[in-house]
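The values are calculated or read from the model by the stated rules, or taken from the named source; none is laboratory data. Only a predicted model underlies this, so the values are computations on that prediction, with no experimental measurement involved. For neighbour counting, all protein chains shown are included, and Cβ atoms are generated from backbone atoms with ideal geometry for every residue, glycine included. Only protein heavy atoms, including side chains, enter the accessible area calculation; ligands, DNA and RNA are left aside. Shrake-Rupley method; radii C 1.70, N 1.55, O 1.52, S 1.80 Å.
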Amino acid sequence: MDKMTKCPIVKEIGEITSNMHRLGWNERNGGNISVLVDESEIRPFVNTKKIIRDLPLAVPFPEFAGKYFIVTGTGKYFKNIKKKPAENLGLIRIADDGSCAHLIWGYTAGGSYTSEIIMHLGAHKQRLAIDPNHRVVMHAHPVNILSMTHVFPWDEKKLTKELWSTCTECIVIFPDGVSLLPWMVSSGPEIGLASAEKFKDFRILVWALHGCTVTGTNLDEAFGLLETVEKGAEIYMKIRSGGERHSIEDDMLKAIADDFNLTPREGWL
């Protein structure tokens, strides 16, 4: 019996990825998730010292030596994770020199971690420097935020302001704003490192014409960021071609921030 499939965090990943697929955010093999886990969380379910094989990293991360991550596999489908976690997820431990990852569990049908692993590890590195409780990086292809990048300027300040203006909850959930990268070829180290730079200042990153990546202290928090951004984008896409329009203006946004004791990104209001 594979006890790791009973690990609470593995089961939680199965539930949340099934929900993301149901919402249409993660078609086919689209999207990926990584979760930083403490060895104490997984030790009751797997031999954390047994190495199945090594997986190379295009960019070394020696700062993560000995750290464990559960990562969705490349080419794997979110809809299959809940029923076949060992095939679609992997537990890795970063090598002492950071040059590769030791596969401890998972990827039973072969394969490796997501092709966007450099973005994930870079995001974890930057967010941990800001918040020691950070744990999750979540990437998806939500229809409305992706659609919005087809018709809206690739300007993160303007994008944030537009999303804030659609729904009262947006500025409450992400007062720090939304960052954006113009279109780049995905999966390579270049977009991974460029994304990591954005996560120095933001928890949310939109890749133009591609999707959205969020970070959080747990899966629920990350998912909540993603669904709130997507809700704002959905409202925008539904009203953009209409006639008379009412928006949450700057003075109203400031009133919301004051009421919730929040500090919106400086200079953006």
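To the nearest 500 deg cm²/dmol, what mean residue ellipticity at 222 nm is calculated for the chain from DSSP H runs of n ≥ 4 alone, each contributing -39,500 (n - 2.57), summed and divided by the residues?
Rounded to the nearest 500, it is -11500 deg cm²/dmol.
Spin-label point model (7 Å from Cα, Cβ direction): what's the Thr5 to Lys49 distance in nm?
Result: 2.7 nm between the two label points.
Mark the label point 7 Å from the Cα of Glu63 along Cα→Cβ and return the residues of segment 22-42 whose backbone N is within less than 16 Å of it.
Under cut-off, by backbone N: 36.
Could you give the longest part of the chain that holds none of the GluC sites (Glu not before Pro) found in DSSP loops with at most 12 neighbouring Cβ atoms within 10 Å?
The reported range is 1-243.
Can you tell me the FRET efficiency between Leu23 and Thr108 if r is taken as the Cβ-Cβ distance and R0 is 41 Å, rounded to the nearest 0.05?
After rounding to 0.05, the efficiency reads 0.90.
To the nearest 20 debye, what is the magnitude of the charge dipole of the chain about its Cα centre, counting +1 on the Cβ of each Lys and Arg and -1 on the Cβ of each Asp and Glu?
It comes to approximately 1120 debye.
Give, as ranges by residue number, the residues of segment 91-117 whose backbone N falls under 13 Å from the point 7 Å along Cα→Cβ of Glu39.
Residues 93-96 qualify, since their backbone N sits under 13 Å from the label point.
Pop out the ³J(HN,Hα) list for segment 59-64 in order, Karplus 6.51 cos²θ - 1.76 cosθ + 1.60 with θ = phi - 60°, rounded to Hz; leave Gly and Pro as x.
Once rounded to whole Hz, the list reads 10, x, 10, x, 5, 9.
Over 21 Å between Cα atoms: which of Lys49/Lys76; Lys76/Lys231; Lys50/Lys76; Lys161/Lys198; Lys198/Lys238; Lys6/Lys50 fall into that group?
Lys49/Lys76; Lys76/Lys231; Lys50/Lys76; Lys198/Lys238
Rounded to the nearest 5, what % of DSSP beta bridges with both residues in the chain are antiparallel?
If we restrict to bridges inside the chain, about 90 percent are antiparallel.
Run the accessible area of the chain with a 1.4 Å probe and give the carbon-and-sulfur part as a rounded percent.
Carbon and sulfur together cover 51 percent of it.
Just the number please: accessible area per residue for segment 78-190, 1.4 Å probe, all protein chains included, in Å².
Computed with neighbouring chains in place, this is 37 Å² per residue.
I want to check the label-to-label distance for Thr217 and Asp251. Put each point 7 Å from Cα in the C-beta direction and report it in nm to one decimal.
Output for this residue pair reads 3.6 nm.
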